[in-house]
1. Which trypsin sites (Lys or Arg not before Pro) does region B:75-142 hold that lie in a coil by DSSP with at most 15 other beta carbons within 10 Å?
2. Quick one: how many Å² of residue B:151 are accessible to a 1.4 Å probe, rounded to 10?
3. Mind checking region B:31-60 for trypsin sites (Lys or Arg not before Pro) that DSSP puts in a loop (not H, G, I, E or B) and that have at most 13 other Cβ atoms within 10 Å?
4. Take the solvent-accessible surface of the protein heavy atoms, probe 1.4 Å, and return the percent of it on the protein assembly as shown that carbon and sulfur atoms account for.
5. Stokes-Einstein diffusion coefficient for region B:1-129 at 10 °C in a medium of 1.306 mPa s, Rh from the Kirkwood formula over Cα pairs: what value in µm²/s?
6. Pop a pseudo-label 7 angstrom from the Cα along the beta-carbon direction at both residue A:234 and residue A:73 and give the gap in nm to one decimal.
7. At a threshold of 8 angstrom on Cα-Cα distance, excluding pairs fewer than six apart, so keeping six or more, what relative contact order does chain A reach in percent?
8. Please work out the average accessible area per residue across region A:158-262, using the 1.4 Å probe convention, and give it in Å².
Amino acid sequence: MGQTMVEKIMQKHSDEDAEPGKIIWIDIDIRSARDFGGANVVKNMNTYYPGEKVHDRSKTYFTFDCNVPANTIAYANNQHICRKYAKGEEIKVYDVDAGIGSHVLIEEGLLLPGGTGVGTDSHLNILGSIGAFGQGMGDQDIAFVFKAGKTWFEVPETIRIDVDGQLPADCSARDLTLKTVGTLGTKTALGKAQEFFGPTIDSLDLSGRITLSSMATEMSAIIALLQPNEAVLQECSEARGSPVEGIAPDPDATYSANVTVDINGLKPQISRPGKPHDVVDVETVNDVPVDSVFIGSCTNGRYEDIKAAAMVVKGKKIKPGVFGSVVPATRKGYIRLMKDGILEILVDAGFLVSNPGCGGCASGQIGMTGEGQVQISTSNRNYTGKQGAGFTYLASPETAAASAIMGRIATAEEVV
Amino acid sequence: MTVYNGRIWLMLENNELIDDIDTDMIYHNKYLAITDKSQMGQYTFDNLKGYEDFAKKAQPNDIVIVGENFGSGSSRQQAVDCFDDLGVICVMALSYGAIYKRNAINSGYPILTIKELDRSGLQSGDTLNIDTDSGTIEKDGLVIGRVQPLSTVQKDILAAGNVFEYAKGL
Ligand code: SF4
């Protein structure tokens, strides 16, 4: 019988048959802990396995991204607990200057299509963007994997999502992503893996794929897996320094449900404050005044995302009174953006550009919203209180950039 | 061979097994500061309508039977540990919330998934015999239902005690 991608990956990493609903042991290629949760992983290691080594230090990493560099003593302490432990165990640390852990794993070629990775980051399923299985977990679960090198999963059912139509010129992968989140809500994909099909999906570049996979969590899905195209394989091969193989579902794979997302005539999309799946066309809310704009996060913090925002604001100025910030996802992306003059365009327009990491998405790293403040963010969550006391809308880098210029919610087309 | 033999609690509302019992109904968040497991049992289900006095009436060796999506909600381990503290030997549900399942399996607490159960003539207080190898649920020697066989994973972890003990043997 044919298998979906998640079944194939789990099968390859297990001695048991990967049938949906079955709980099986799975070998984990990459085990990571970030500054959020990392100190507790260390504590668990010391409590449950005192004096013992991790299973394989060459597959184990710390990645600091939540609060970088630490702006609270608690985070500073936690990072230092991880560093000291890592030093003793000779585990590699991607420190406060490296960038968002999930992106670093891809960029450094540590995880490859068909591989498995876990970490203390609820968006580690972003690894689905390269056709790998990634999963965020609690600190006890991660400590267990540090020690055992494997863990158990219930093989999820897979939903097939067909994206019908071509992406219109004024829309990006983020608009497609928001349309998908709005269409599926939080129940359709609950506990399931997703696979996406269609010509638009086939031609999406890696940054667009990361954007789409990053919001599987907001759809309550286990992961959104995308079959890597040639360009993605090329990028993974370059990161790894050797050729990598792709992965694809079997043609006769079994899906538990089929959903179609229609993007014919799609318009730029936006999620209204409080619920990522409360998605509407940008034009229905374009009279809302905006106080602050954040461009970055694991959803839209890649080179391509930030360049797209820069193209909208080039030669223009942010509306006085609006605060705009840009945070590249990784150090490598930051350097490229700097060398290509993209950061200069953004700074000239009035944006504050900060060091790589989760930035505006976590822990108030580049500020928070105050009561009543309206923010547009390119991150993936707008739950009440997540990015401050204000109201957060979620949209594409282009929409966010346009809104900074106009001082109200606006599409890039409205900027003249 | 693993056999669970005990007195059952059918957790019912309008004569149906209750679905979607969340972690706040099992173990309310007002008791989250408690870290001593031996203090947890007494609060089990005290926020579940109709079963507020469950903990007072439950006895060691009891079996709890519930509906779909048992343990949805937060990730609190106490919602598993409270049953262990009371001596409830296993929980049987039609299905579980994903995190609850991870917590129960990792801590070596037996949770069983019901495939079928003939409830006619069955009531709380009856004694059932559940054999996880054959997957049968028996009453007075007659098969009245089936549970999913335990996965290798669950067997491994149950045998070791919990997931951390299991890792020591690797
Ligand atoms: S950018 Fe936000 S969602 Fe992404 S990993 Fe960082 S904190 Fe999590």
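1. Details: sites: B:76, B:101, B:102, B:115, B:119, B:139; in loops: B:76, B:119.
Passing both the DSSP loop test and the Cβ count: B:119.
2. Approximately 20 Å² for this residue.
3. Details: sites: B:37, B:49, B:56, B:57; in loops: B:49.
In loop regions of region B:31-60 (DSSP not H, G, I, E or B), the sparsely surrounded trypsin sites (Lys or Arg not before Pro) are B:49.
4. Numbers: 11110 of 23180 Å².
Carbon and sulfur: 48 percent of the exposed surface of the protein assembly as shown.
5. On the way: Rh = 14.5 Å.
For the chosen part, D equals 109 µm²/s.
6. 5.3 nm
7. Details: 1052 pairs, mean separation 73.0, N = 416.
Once divided by the residue count of chain A, the mean separation gives 18 percent.
8. On the way: 4080 Å² over 105 residues.
Per residue, region A:158-262 has an accessible area of 39 Å².
The values are calculated or read from the model by the stated rules, or taken from the named source; none is laboratory data. If you're wondering where the values come from, they're calculated on a predicted model, not measured in any experiment. Quick reminder, even Gly has a Cβ in these numbers, built from the backbone with ideal geometry, and neighbours come from all protein chains shown. Accessible surface is based on the protein model in full, side chains and every heavy atom, while ligands, DNA and RNA are left aside. Shrake-Rupley method; radii C 1.70, N 1.55, O 1.52, S 1.80 Å.
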